[in-house]
Structure formats: C-alpha cells, structure tokens
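First the structure, in the form of structure tokens, and then the observations on it.
The values are calculated or read from the model by the stated rules, or taken from the named source; none is laboratory data. Remember, predicted model here, so these are calculated numbers, not experimental data. Side chains are part of the model used for accessible areas, which takes the heavy atoms of the whole protein and leaves out ligands, DNA and RNA. Shrake-Rupley method; radii C 1.70, N 1.55, O 1.52, S 1.80 Å.
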Amino acid sequence: MKRILAGLTCSIAVASPVLAHGFKLGSLEIAHPWTRQTAPGQRNGGGFLVVTNKGRAADQLVGVASPVADKVELHTMSTDGGIMRMRPVTGGLPIPAGGTLTLAPGGYHVMLIGLKAPLTLGMMVPLTLRFARAGTITVQLKVEPVSFTGAAAHDQH
C-alpha cells in the first residue's frame, strides 16, 4: 500500500506542471494568463500574464489581438497627483534574457477595448501574443472573479 501511495504521490507531482495553465513558445514561458469577469454592457476589460524568458537573447512583446474585442492594446497604468491614467504602450514591452515581463493590475496590461460580449466566469478567452524574436502564440485568458488579483495564482488553481 505504501508503494502505491508513494507512486501516486510522485505521479501527481510530475503531472502538476503539465496541468498548470501555462504556455511555451521557444524560450518564453507564459504563466496563467487571466482576465476578470465583466458586467453586462461593460465595454472594456484587462488581460494579465507573466512572460519568463529562459533564453540567452532578449525579446519583446510587440503586439496583442483577440476576437472578443474590437481593439486590443498593450497599456500602462500610472497614478499622477492621485489620478489614475491609462496609456497605450508604443514600441512594445521588453523581456530581458533570463528576465520576466509581468502584466498585472496597476501596471502594464492588455486592454480589451469594445468587448463584443460579457466575459463570464470560467470562460477561456483567446489572446494572440506577438513577440519580436519568438514569433506568435495564442494563449487562453481564464476569466476569473472580479476580486481576483493574480497574486499566488498558482496556489489558487
């Protein structure tokens, strides 16, 4: 019985990374892409993810697209004099060799502008990412509750 349990435990430990909500494109790993559910009539949404560059050459996230919105842009958010400002990013976002690019609430993020339908809890939203070196990959944004922050996303799933 102990051998069976030990084997089962090892199988689960080995299978977990495969089951995680992540994607790989060359030396880039994209971890837990997500968005928040939206209310009926809400026209915009945000997309969030972490890109880790395991390679020896820098790359750059240069474009994003999704069929669920009229327009998709990379944005940055900042606070100036107590006023929150969102602005499109021009020229892309760098991902250093051996480094990480984090798109998260309150900073860099994907802006889904002109949503064609509400984003409902549990839904998977296609998002195409275009990188200068690695090329293009379509990932799935998991629609999370409005209260979701992305912190410890791996522990929550």
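So which of LYS24/LYS71; LYS24/LYS54; LYS24/LYS142 end up more than 20 Å apart by C-alpha?
Details: LYS24/LYS71 25 Å; LYS24/LYS54 10 Å; LYS24/LYS142 16 Å.
Flagged as over cut-off: LYS24/LYS71.
Could you state the accessible area per residue of region 88-134 in Å², with a 1.4 Å probe and every protein chain left in place? Write down the numbers at each step before the final one.
Details: 2220 Å² over 47 residues.
For region 88-134, the solvent-accessible area averages 47 Å² per residue.
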